[in-house]
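The values are calculated or read from the model by the stated rules, or taken from the named source; none is laboratory data. Quick caveat: nothing in here was measured; it's all calculated off a predicted structure. Here the Cβ is made from the backbone with ideal geometry for all residues, glycine too, and neighbour counts use every protein chain on show.
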Amino acid sequence: MPSADVEKVRHELEDTIGLDGKAAIPASAKMGIGIVEILEAVVKNVPAPSGSIDEPLQCLIFDSYYDTYRGVVPLVRVMNGVIKKGDKIRMMATQAEFEVMETGVFTPKEETRPFLSAGDVGWFTAQIKNIETIHVGDTVTAAARPADHPVPGYRKLTPMVYCGIYPVEADDYQDLKDALEKMKLSDASLVYEPETSQALGFGFRIGFLGLLHMEIFQERMEREFDMNIIATAPSVGYRVVLTDQKVIEIDNPAMLPDASKVDHIEEPIVNATIISPSDYVGNIMELCQYKRGTFKDMQYISTSRVELRYEMPLAEIIFDFFDKLKSYTKGYASLDYELSGYKRSNLTKMDILLNGEPVDALAIIVHTDFAYDRGSRMCSKLKELIPRQLFEIPVQAALGSKVIARTNIKALRKDVLAKCYGGDISRKMKLLNKQKEGKKRMKAVGSVEIPQEAFMSVLRLDDDN
Amino acid sequence: MAQALYVHIPFCDAICTYCDFPKMVAPAAFKTAYIDALKTEIVASRAELADVETIYIGGGTPSSLPHDLLSDLLDFLAAQVDVGRLREWTIEANPNDVTYDFARLIKAKGVTRLSIGVQSGRPELLKMMGRTHTKEDVERAVKAVHDAHFYNVNLDFIYAVPTETMADLEADLAFALALKPLHLSFYTLILEPRTMLFHDWREGRVTLLDEELEATMFETVNRVLPQAGYRRYEVSNFAITGFESKHNLHYWNAHDYLGVGMGAHSLFGSTRFHNHPSLSKYLASVKKTGTGGRLVDPCDPFREACVMGLRKVSGIDRADLWVRFHQDPLLRFPRLYDNERDGLLLIDDASIRLTDKGLILLNYVERSFAGG
């Protein structure tokens, strides 16, 4: 291709990830260049599966999905042995037993095969109706001749970010539960448990690996499962040391015990690595400082790229850090972080009151230094997002019983389009249909209707000011 | 079959700052070509027009057509429909075009109703709206029409225009009443995207009136006009009893209508469609297919009938909707009961209609139709 710059890309491979650039095979799928070479390289460089068809059956479940007619369809890699129709199999972690109905592979279309043997990657069905018996990472073995140990599964990932998920209609709780179970089939990192909120009713507290994971989850819930859900603002897990020195972990700000019982709160700290063009170092440092970051290290990877390391509270990262980082660096910076531990910090719970009533799902835990600022910005954001009603709605932010910010959503005075409606009412109907869509994502809390965005408002305080 | 026919004339001598209808300033040759296309489209739809009872020629500015072209169009229309069935035939006009000759012409051809776009009598407001006439032009125009013994006249006014004061509105109300029309429309200025005024507003050159002033103005119009004998029958339409616009009521009752011309909308057998809003595409489409495009819009007939019905003072006619759709608004949109509880609606066996409080909050009430 005319725009391809093979040498530059080779350099970048060495610069940014440290791979040997010379080993890279130049290829273009569009022009048909390098295809044979890549296939040859796979044969030469990728080791063939070890394993033996004579050993007892061991299949690693690496994914699975739910089929309405056939039940759970686990996707497996056969490490040892053979699996075929009629075999009695056992899940090594859950001890559940099934009889295999069908086996097959993907080409990428699903195709039935008489058996799968060591080295194969494929799927099987066994009329598995109970979703809970299939875990990604579990090993499938033969009931008659079980393997003596499971193959190593996957490292259990600890969730970093938590949020509450609630059905918009309380009647949909069971559907939400079913959807979560099905979702877990293909997403082993999903952790959830039931929770209740005074404002939102029955729902679940869900742990995610990060914000992206959370967004994908929400998107899938709506697209694949057609669920109308309300997600509360994400929170990190805090360690709360009580006055009697007992330590409890909370992942929901609403669960924070009364201030008189709390000795201090510890928050998760991460090591953040930011790689960016060096022009933006000043901007990034300013941002990290503002986000309570502690500078650790800075290294020039090349003349124009720099790697910055910061120690930073996780809560600050999930609170619009990445969006800001991108806008401060014109989108060039990348961010990576890993949990490094917990640190005592001056944190407090901020309640949001609508119409005088605290809405537990809007409560957040903030650093005391930021409480006033965030409180007033959250109030004005909510004022913008919550549709005006027939009566005035006070919006307040409070620390304990002390109100630190207040604004009012004015009552509607005039809201009528006194215009000429002739033949063209399509625009009016379009507007109404948009409202209809919006309505799906509104939750009535007391007499106030709160749109989904309001719960996320804490993350997007800077959108337009 | 459609009982109402809308004919769109997209030509204007000047473009108003607030207008978002399909319109253009065009040379004479365009107008001739356009009228030819209109005729082709009407002939092609002739079977659908056998029952037509009302015709509305709107724009744009229909009165901006040269008199020979206008006369030709009116003759043609009269020949295409069953004139004996016609109950109303309206044409829109700009004050500057309304002369004694114009009034004689339309009267002779069978037009029964004239709608004049006055908008205001205040010079600054007329300027803000990009209107080229004066208060005196309006007075002269109305006199010319009356001299031709043509009395079924509507005057369109627009208020809540940027910079307008309460005194301006009161002056305009007095001005409107002094002209003794049989019908008055008082619209508030709605800022629409793709208009000059919208652009000026976004650039910060004009500011909109505050909500409280606009609300007081709305209430003033609704008080003053009925006191003078003009009964309100729709959100912004007032008439001496018997002179309500039959054609517009047809829209608000969600009955079928056919629109011909560039960008014209139609509702036909539970389908909404509209013609190409660009002249070249419209002309090409008529040439090729005989229709102006008939691009289908999504349509939920019952919901639309409810939304439009509520704009009328008589409200939603429950029996009529039941017969036509076999549905009842209260079953489909139970939130209407909340609106009743909040004093926004009056609900009885025959109808669902707005209270005064509901009228000024109509958009809020309409949210109830968003569910269901």
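When you look at B:Met196, is it within 14 Å of another protein chain (Cβ to nearest Cβ) and not small (Gly, Ala, Ser), yes or no? Please lay out each step first, then the result.
Details: within 14 Å of another protein chain (Cβ to nearest Cβ): no; not small (Gly, Ala, Ser): yes.
Spelling it out, it is not the case that B:Met196 is within 14 Å of another protein chain (Cβ to nearest Cβ) and not small (Gly, Ala, Ser).
Which is in contact with a Ser or Thr (Cβ under 8 Å, 6 or more places away or on another chain), at positive phi and either free of Cβ contacts under 8 Å to residues at least 24 places away in the same chain or not basic (Lys, Arg) (or both), of B:Gly290, B:Gly261, B:Gly269?
Values: B:Gly261 fails: in contact with a Ser or Thr (Cβ under 8 Å, 6 or more places away or on another chain); B:Gly269 fails: in contact with a Ser or Thr (Cβ under 8 Å, 6 or more places away or on another chain).
Matching residue, one of B:Gly290, B:Gly261, B:Gly269: B:Gly290.
Based on this model, can you work out whether B:Ala305 counts as part of a loop (DSSP other than H, G, I, E, B) and either within 30 Å of B:Glu340 (Cβ to Cβ) or touching an Asp or Glu at 6+ places or on another chain (Cβ under 7 Å) (or both)?
The answer is no for B:Ala305.
From the set of residues in the range B:202-216 that are among the charged types (D, E, K, R) and not in a helix (DSSP H, G or I), which is farthest from B:Pro162 (Cα to Cα)?
Taking the range B:202-216 first, the residues among the charged types (D, E, K, R) are B:202-203, B:205, B:210-212, B:214.
Add one more test, that the residue is not in a helix (DSSP H, G or I), and what stays is B:203, B:205, B:210.
Working: B:Glu203: 14, B:Arg205: 10, B:Asp210: 10 Å.
By that ranking, first place goes to B:Glu203.
All conditions but one from (1) modelled with pLDDT under 90; (2) not in a loop (DSSP other than H, G, I, E, B) apply to A:Glu40; the one that does not is (1).
Scanning the range B:178-188 for residues that are touching a Phe, Trp or Tyr at 6+ places or on another chain (Cβ under 8 Å) and in a helix (DSSP H, G or I) turns up nothing.
Comparison of A:Ser260, A:Ser235, A:Ser276 shows that the only residue that is among the polar types (S, T, N, Q) and surrounded by fewer than 16 Cβ atoms within 10 Å (Cβ to Cβ) is A:Ser260.
Selection of strands (runs of 3 or more DSSP E) fully inside the range B:222-273 by the criterion of at least 1 residues being under 18 Å from B:Thr54 (Cα atoms) returns B:237-239, B:257-260, B:265-268. Taking the range B:54-90, which residues are closer than 16 Å to B:Leu38 by Cα, part of a helix (DSSP H, G or I) and among the aliphatic types (A, V, I, L, M)? Residues satisfying the conditions are B:Leu69, B:Leu70, B:Leu73, B:Leu74, B:Leu77, B:Ala78, B:Ala79. Against the criterion of being under 30 Å from B:Thr220 (Cβ atoms) and in contact with a helix residue (DSSP H, G or I) (Cβ under 8 Å, 6 or more places away or on another chain), B:Ser314 does not qualify.
Remark: A:Gly375 matches the filter, which requires a residue to be more than 12 Å from chain B (Cβ to nearest Cβ), over 30 Å from B:Val161 (Cα atoms) and free of Cβ contacts under 8 Å to residues at least 60 places away in the same chain.
Here are B:Asp342, B:Asp349: which of them is charged (D, E, K, R), within 14 Å of chain A (Cβ to nearest Cβ) and either over 22 Å from the mean Cα position of the chain (by Cα) or at positive phi (or both)? Before the answer, list the steps.
Numbers: B:Asp349 fails: within 14 Å of chain A (Cβ to nearest Cβ).
Being charged (D, E, K, R), within 14 Å of chain A (Cβ to nearest Cβ) and either over 22 Å from the mean Cα position of the chain (by Cα) or at positive phi (or both) holds for just one of B:Asp342, B:Asp349, which is B:Asp342.
Taken over the range A:100-128, the criterion of being among the β-branched types (Val, Ile, Thr) and over 17 Å from A:Arg90 (Cα atoms) is satisfied by A:Val105, A:Thr107, A:Thr112, A:Val121.
Within the range B:152-177, which residues are in a helix (DSSP H, G or I), more than 23 Å from B:Ala103 (Cα to Cα) and touching a residue at least 40 places away in the same chain (Cβ under 8 Å)?
Residues of the range B:152-177 that are in a helix (DSSP H, G or I), as a first pass: B:166-177.
Narrowing further to those that are more than 23 Å from B:Ala103 (Cα to Cα): B:166-174.
Listed by number, the residues that qualify are B:Met166, B:Asp168, B:Leu169, B:Glu170, B:Ala171, B:Asp172, B:Leu173.
Going through the range A:405-426 one residue at a time, which ones are more than 7 Å from every other protein chain (Cβ to nearest Cβ) and either without any contact (Cβ under 8 Å) to a residue 12 or more places away in the chain or surrounded by fewer than 17 Cβ atoms within 10 Å (Cβ to Cβ) (or both)?
Scanning the range A:405-426 gives A:Arg406, A:Asn408, A:Lys410, A:Ala411.
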